[in-house]
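Asker: Sending over a structure as structure tokens; questions will come in a sec.
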Amino acid sequence: MLKLNVNGESRTLTDLDGDMPLLWVLRDRLQLVGAKYGCGIGQCGACTVLLNGQPIRSCSVSVGQIGDGEIRTIEGLAESPENLHPVQEAWIEEDVAQCGYCQAGQIMTATALLEKNPTPSDADIDAAMAGNLCRCGTYLRIRSAIKRASQNPKTSASAKQEENA
């Protein structure tokens, strides 16, 4: 038996091999299919989720390595379909997605960046996003969306709340 904290909920999984990649546990056992299988070796970023606020490649981390960590997936980012996360709002406003395959990983990486650095420079954005590949080449729109999200009052408010905690 294994317990995971996923999107703020405690999830108990039985009959599970601790060596199974987190990606497959999320997708196949918990039906959280936002994180995508891209390369299987942690280099493309399509499977990115947050573990304790840090972006990780869920295809390369075994579920047994998670321990008491808090996992956040794209499904846990918005408060509701009507109340999207500032990064999700910016993605829509900047019309970032083309095929959309890599977007969950891109959004999760951008979210982690803004939680650490609410006002990133272009160089900060480029460095944080360098490990997320986009076959459609929407990198300039991704950067624009991150800048837009950084100007969203909800992003600033959440950053201030974390500083005061």
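Asker: Of the conditions (1) free of Cβ contacts under 8 Å to residues at least 60 places away in the same chain; (2) outside any helix (DSSP H, G or I), K36 clears all except one; give me its number.
Answerer: (1)
Asker: Here's a follow-up. Quickly run through region 1-27 and pick out the residues that are part of a strand (DSSP E or B) and either open to solvent by 50 Å² or more (accessible area, probe 1.4 Å) or of a type outside the set (A, V, I, L, M, F, W, C) (or both). Lay out the reasoning, then the answer.
Answerer: Let us first name the residues in region 1-27 that are part of a strand (DSSP E or B), namely 2-6, 9-13, 21.
Selection gives K3, N5, E9, S10, R11, T12, P21.
Asker: Does L77 fit the bill of being within 30 Å of T12 (Cβ to Cβ), out of contact with any Gly (no Cβ under 8 Å at 6 or more places or on another chain), open to solvent by less than 30 Å² (accessible area, probe 1.4 Å) and not hydroxyl-bearing (S, T, Y)? Reasoning before the result, please.
Answerer: Working: within 30 Å of T12 (Cβ to Cβ): yes; out of contact with any Gly (no Cβ under 8 Å at 6 or more places or on another chain): yes; open to solvent by less than 30 Å² (accessible area, probe 1.4 Å): yes; not hydroxyl-bearing (S, T, Y): yes.
Spelling it out, L77 is indeed within 30 Å of T12 (Cβ to Cβ), out of contact with any Gly (no Cβ under 8 Å at 6 or more places or on another chain), open to solvent by less than 30 Å² (accessible area, probe 1.4 Å) and not hydroxyl-bearing (S, T, Y).
Asker: Also, I was wondering about something else. Of (1) open to solvent by 20 Å² or more (accessible area, probe 1.4 Å); (2) over 14 Å from G131 (Cβ atoms); (3) modelled with pLDDT of 95 or more, G34 satisfies all except one. Which?
Answerer: Of everything listed in (1) open to solvent by 20 Å² or more (accessible area, probe 1.4 Å); (2) over 14 Å from G131 (Cβ atoms); (3) modelled with pLDDT of 95 or more, G34 misses just condition (1).
Asker: So, one more: Is there a residue being out of contact with any Cys (no Cβ under 7 Å at 6 or more places or on another chain), open to solvent by 30 Å² or more (accessible area, probe 1.4 Å), more than 20 Å from N52 (Cβ to Cβ) and among the β-branched types (V, I, T) anywhere in region 122-135?
Answerer: no
Asker: As an exercise: evaluate Q161 against (1) open to solvent by 50 Å² or more (accessible area, probe 1.4 Å); (2) at pLDDT 90 or above and give the number of the one condition it does not meet.
Answerer: Answer for Q161: the failing condition is (2).
The values are calculated or read from the model by the stated rules, or taken from the named source; none is laboratory data. Given the structure is predicted, the values throughout are model-derived calculations rather than measurements. With ideal geometry, Cβ positions are generated from the backbone for all residues, glycine too; neighbour counts draw on all protein chains shown. What goes into the accessible areas is simple: the full protein's heavy atoms, side chains included, and nothing from ligands, DNA or RNA. Shrake-Rupley method; radii C 1.70, N 1.55, O 1.52, S 1.80 Å.
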